[in-house]
Amino acid sequence: MRIKRKLDMDRYETMLQDLEIMKENQEISEETYNEMKSKYQEKLKELEEGYFETEDEITLEFNELGEIIEERVEDAVSRAMDAIKKMSVKIPSWDLNSEQVQKDIHEGSFDSDTVKINFCTENGQIELKKWDEDTYKVVVTIKSPHPLSEESEQDLGIYFEHKKDGQEELLFTADEIKGIVDVKAYLPGTARRGILSSLKSNNMQYELDLKSTNGRISVTGLAVTDSNIQTENGRIGVETLNADTLHVSTENGRILMEKITGDDLSLSAENGSIDLMNITSGNLIASTENGSIRAQCTCEHADLDTENGSIQITPKGAGTYDLKTEMGSIKIDVDRSLPYDIKTRVGMGTVKVASDLNIDRYEKHQTIIKSGDFSEDQGIIIAAHTDMGKIKIR
């Protein structure tokens, strides 16, 4: 189910990118653009909301609600597609069925076990994933309403290079063109045997510098020393990653992370939610201006901050967790096997505590929930603060 949902999310993001290009090329009216964009975004939001639901969170009530939502979404999409078909009869547009597609493949091998991946796109997606081969393959897919048969990558403003002088690096850039340029890299997880005696280990490690203006970025299965991943308009998904440092930011998009182990994780969004699942980190900072934060994590220290949105956290191990929202609710799921010390503060709102948790102090604006066996080196310490909203500890 999650795989299908992820594929559907990718499909709707691609449709949004195509829509942007149609607007830039003046192939659709402003009114049509706004209406189609709103419907695509509504569907994408519904898909994203359910992506990180886990089995232990699902109850009969949620299942029934999910069925209702699914029916309503399918009905909305059906009505939206009917409207698009009617509009396409009247308005000239980019025919996606007859678009020109060109695929260029770059293949090679690395001479080092530490490689920098430096990819930058204007309109298009970036995807990195580990595979079982000991060589790399980079697939560049160019989609355009214009003929591409006689165009080279260089003619289209696309540049690829495998640098071996100094730090080994794969460099890819795609300038602004009238089309979409997606790049997908298949990267080895282990170094080639016997290539250089100077290799530190048999494991490949990557330094990432990834930027997309309009398009999602996805990274799966790599070992990372340092990283900087940015989008202006697009979702960022990171899965099954070991990282020394991981810096992820987006202006308009969602951040989805799962099965991440790292020393220093820094995540920020201006307009978008942050969803974290199975995260283990020494230091985690996650902030968004407009959006919710959901985290299932084990951290020595975690700082979760949103201006307008809710926070939901499930600490899975001992550590210090600071939660703050200006306008929104906070939900804390407490692992009963761990000693706990939870301090809450609300400006305008209420605090609700599960009946089996020990309330040490209860006041109008401040509540302390603390177990009798609490110790700082073995327990969870949580400070939760909302200016306007309720706090629920369960």
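The values are calculated or read from the model by the stated rules, or taken from the named source; none is laboratory data. Only a predicted model underlies this, so the values are computations on that prediction, with no experimental measurement involved. Cβ atoms come from the backbone with ideal geometry, glycine included; neighbour counts cover every protein chain shown.
Using the structure shown, decide if M15 is assigned to a helix (DSSP H, G or I) and modelled with pLDDT under 75. Answer is no for this residue.
Filtering E169, E207 for residues that are modelled with pLDDT of 95 or more, under 20 Å from the mean Cα position of the chain (by Cα), surrounded by fewer than 24 Cβ atoms within 10 Å (Cβ to Cβ) and in the same structural domain as F110 (by TED's automatic domain parsing) leaves a single hit, E207. Residue under question is Y340, and the condition is that it be among the aromatic types (F, W, Y), crowded, with 17+ Cβ neighbours inside 10 Å and closer than 25 Å to A243 by Cβ; does it hold? Against the criterion (among the aromatic types (F, W, Y), crowded, with 17+ Cβ neighbours inside 10 Å and closer than 25 Å to A243 by Cβ), Y340 does not qualify.
Evaluate the stretch 287-302: report whether one residue or more is among the acidic types (D, E) and free of Cβ contacts under 8 Å to residues at least 40 places away in the same chain. Yes: the stretch 287-302 contains one or more residues that are among the acidic types (D, E) and free of Cβ contacts under 8 Å to residues at least 40 places away in the same chain.
In summary, N283 fulfils each of the numbered conditions (1) assigned by TED's automatic domain parsing to the domain that holds I311; (2) crowded, with 17+ Cβ neighbours inside 10 Å with the single exception of condition (2). Counting residues in the stretch 320-328 that are in a strand (DSSP E or B) and more than 28 Å from G272 (Cβ to Cβ) gives zero.
Consider the stretch 370-394 and keep the residues that are among the charged types (D, E, K, R) and in contact with a strand residue (DSSP E or B) (Cβ under 9 Å, 6 or more places away or on another chain). The one that is farthest from K316 (Cα to Cα) is D387. The lone criterion from (1) crowded, with 17+ Cβ neighbours inside 10 Å; (2) more than 19 Å from I255 (Cβ to Cβ) left unmet by C299 is number (2). If only residues of the stretch 267-280 that are under 19 Å from S227 (Cβ atoms) and of a type in the set (S, T, Y) are counted, the one that is surrounded by the most Cβ atoms within 10 Å (Cβ to Cβ) is S268. Given A185, A174, A191, which one is within 23 Å of the chain's Cα centre (by Cα) and modelled with pLDDT under 90? Within the list A185, A174, A191, the selection yields A174. Inclusion of E270 among residues that are assigned by TED's automatic domain parsing to the domain that holds G319 and either touching a strand residue (DSSP E or B) at 6+ places or on another chain (Cβ under 6 Å) or not hydrophobic (A, V, I, L, M, F, W, C) (or both) is warranted. Residue selection: Q154 satisfies the criterion of being at pLDDT below 85, farther than 23 Å from M22 by Cα, more than 26 Å from the chain's Cα centre (by Cα) and not small (G, A, S). Taking the listed residues T350, T386, the one that is hydroxyl-bearing (S, T, Y) and either surrounded by 14 or more Cβ atoms within 10 Å (Cβ to Cβ) or under 22 Å from the mean Cα position of the chain (by Cα) (or both) is T386, with no other qualifying.
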